[in-house]
Amino acid sequence: MSSSSSSELELEIFQYIDGHQSDFIKDLKEWVAVQSDSVQPDLRKEVIRMMVLAADRLAALGATVNSVNLGSHQLPNGQDLPLPPVILGELGKDPQNPTVCFYGHVDVQPAKKEDGWKTDPYTLTEINGNLYGRGATDNKGPVLAWINAVETFRALKLVVNFKFVIEGMEEAGSLGLEKLLEEENQCFFSDVDYIVISDNVWLSNKKPALTYGSRGNACFLVEVECGGKDLHSGTFGGIIHEPLTDLIALLDSLVDPTGHIQIPGIYDSVAALTEEERKLYESIEFDLEEHKKNSGVKKFLYGTKEEILLHLWRYPSLSIHGIEGAFHEPGIKTVIPSKVIGKFSIRQVPHMDLSVVKRQVRHLEGVFSRRNSPNKLKVSMPLGAKPWLADVNDPLYKAARRAIKKVFGEDPDFIRDGSTVPVARMFQTITQKSVIMFPIGAADDGEHSQNEKISRHNYIEGTKVFAAFFLEISKLHRHLHETSNMEIKN
Ligand SMILES: C[C@H](N)C(=O)N[C@@H](Cc1c[nH]cn1)C(=O)O
Ligand SMILES: [Zn+2]
Ligand SMILES: [Zn+2]
């Protein structure tokens, strides 16, 4: 930590954080132990239990906590499932202080030991300075780092008013959240000055970063059905149009081997790359070999740093995620599945429009009709999140950059992210407040993957960075207000 220019208050705070490392890790262990997987319906109870834990943690901090009931949602099979509540928390109301609203989520992606985890995904395990467990970096670790930074301040002196938005459906598309934000815009958000999201990772394993843009995501289901039951492939194979064969042809029509999306018109509205941007990309430090090593693959689709960054941040991508209804167990089963559902998503970028993308995906209907199959095709887009882009000249970025410099001793990378935090764009559009993505996880944390982790270093120094940020944003905010008051007087 570079503390040459740190104030006494900062040093006191940093010492407090260092001295409470084991408490902070114990908290994370307790949270990781909850299987708050929002994707699998049978684990919804665990997500709701997790929301109670998070609400209790905020209440213990002294925050006023409102767990807002969002009702329920319907699954594609017609089953009704309760949505977890969204927590709106509040701590401090000093009109002299800026009000910073933090967003985080405490639901996680599915994880099973058999998927190839070295350790039990729901038992936080420290190996060589890394804390392994589902949700360690996405997003329980960063949420706790923020809460623990707030706790540190509360033990001393609050320089910021805090608000919290904690949800439990981010991994399933933040269902119900947009409506709540709209309803609360004139109430809960009316006195918020700044919004901070810490739900992504740095571009590098070691160098900190601040994120000013992210892609959106349009998720699609492609359902192909023949009769009402599975069939014996000896009795019916060769005489029927098989749903899985149709589906594979449909999925194959989406993207070519170079990664180019084959849906006509999909690239039409992608914002043109400016010369300034191109230069920016050239100047970004990015270790292609490190990134390849993190992914575990042998070769990327593109060979240069600039092409890789452009295809992650500036261009859309299409990924195929799975096929429901297809036989996937080990061994052989000579069956023809009667109904299969292909799942794919398109990460979109400015200025792509979700409704246009949805229309363009009707390309699948054309491919299907050329197959002359009597089967039933249904294409739907159950989820659509928009891309987000922020202004790096906002005071939020200045304060965060100073905090990073103070704690990590170097300036952050200014990056975009290829993944999606649906709430980023919602906050921006609905509240019109400034939003920053302020990651503390590293590029090799393995979000959504086996052996997800956050390093002890990032977790603890990340807590310090958030604490340093509170001081910086409070200084900057006061300065901005004094300057604007002077301008009014003159
Ligand atoms: C970046 C964030 N931690 C995350 O993982 N977001 C998910 C959200 C999502 C998008 N479509 C469906 N869920 C992601 O980018 O996959
Ligand atoms: Zn996340
Ligand atoms: Zn995630």
Does the stretch 78-194 classify as rounded, prolate or oblate by the C-alpha gyration tensor (a ≥ b ≥ c root eigenvalues; a/c under 1.5 gives rounded; else a/b over b/c gives prolate, otherwise oblate)? oblate
Rounded to a whole number, what % of the accessible area of the stretch 359-400 do carbon and sulfur atoms account for, probe 1.4 Å? 47 percent
Using alpha carbon centroids, what distance separates the stretch 326-392 and the stretch 127-181, in Å? 32 Å
Calculate, in nm to one decimal, what Asp80 and His457 gain on full extension: separation in residues at 0.36 nm each, minus their alpha carbon distance. 131.5 nm
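Take the alpha carbon gyration tensor of the stretch 197-309, find the square roots of its eigenvalues, order them as a ≥ b ≥ c, and report rounded if a/c is under 1.5; if not, report prolate when a/b exceeds b/c, else oblate.
Details: a/c = 2.70, a/b = 2.27, b/c = 1.19.
Here the stretch 197-309 falls in the prolate category.
Which helices, taking whole DSSP H runs in the chain, have alpha carbons extending 30 angstrom or more along the helix axis plus mean Kyte-Doolittle at least -0.5? Don't skip to the answer; put the middle values down first.
Details: long enough: 456-489 (49 Å, -0.48).
Passing helices, by number: 456-489.
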So if I restrict to the alpha-carbon atoms in the stretch 330-438, what is the Rg, and what is Dmax, the biggest pairwise distance, in Å? 21.7, 65
Could you give the length gained by full extension between Leu389 and Leu221, i.e. 0.36 nm per residue of separation minus their alpha carbon distance, to one decimal place? 57.7 nm
Just from its helices, what would the mean residue ellipticity at 222 nm be for the chain, if runs of 4 or more DSSP H residues each count -39500 (n - 2.57) and the sum is divided by every residue, rounded to the nearest 500 deg cm²/dmol? -11000 deg cm²/dmol
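Which length gain, in nm to one decimal place, applies between Lys112 and Lys292 when the Cα-Cα distance is subtracted from 0.36 nm times their residue separation? Walk me through the numbers before you get to the answer.
Values: separation 180, 0.36 × 180 = 64.80 nm, distance 2.46 nm.
Taking 0.36 nm per residue and subtracting the Cα distance, the gain is 62.3 nm.
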Each label sits 7 Å from Cα toward the beta-carbon; between Ala249 and Asp94 the label points are separated, in nm, by 6.9 nm
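Return a whole-number percent for the relative contact order of the chain, with Cα pairs under 8 Å and 6 or more residues apart as the contact set. Before the final figure, lay out each step's value.
Numbers: 940 pairs, mean separation 121.6, N = 490.
So the answer I get is 25 percent.
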Partner lysines for Lys386 [C-alpha distance under 25 Å; skip if fewer than 8 residues away on the same chain]: Lys140, Lys163, Lys179, Lys343, Lys358, Lys378, Lys433
Residues in the stretch 447-469 that a label on Ile127 would reach, taking backbone N under 20 Å of a point 7 Å out along Cα→Cβ: 447-459
Translational D in µm²/s for the stretch 1-93 (Stokes-Einstein at 37 °C, 0.692 mPa s, Kirkwood Rh from C-alpha pairs): 203 µm²/s
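On average, how much accessible surface per residue is there in the stretch 412-490, in Å², for a 1.4 Å probe, leaving out ligands, DNA and RNA?
Values: 2970 Å² over 79 residues.
Accessible area per residue, the stretch 412-490: 38 Å².
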Could you give P(r) for the stretch 256-303, binned at 10 Å from zero, as whole percent values over all Cα-Cα pairs? 19, 31, 42, 8
May I ask for the equivalent-ellipsoid semi-axes of the chain, computed as the square root of five times each C-alpha gyration tensor eigenvalue and listed largest first in whole Å? 41, 25, 23
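The values are calculated or read from the model by the stated rules, or taken from the named source; none is laboratory data. Small disclaimer: the values here were computed from a predicted structure and weren't measured. Backbone-built Cβ (ideal geometry, glycine too); neighbour counts: all protein chains shown. Note: accessible area is taken over every heavy atom of the protein model, side chains too, but ligands, DNA and RNA are not part of it. Shrake-Rupley method; radii C 1.70, N 1.55, O 1.52, S 1.80 Å.
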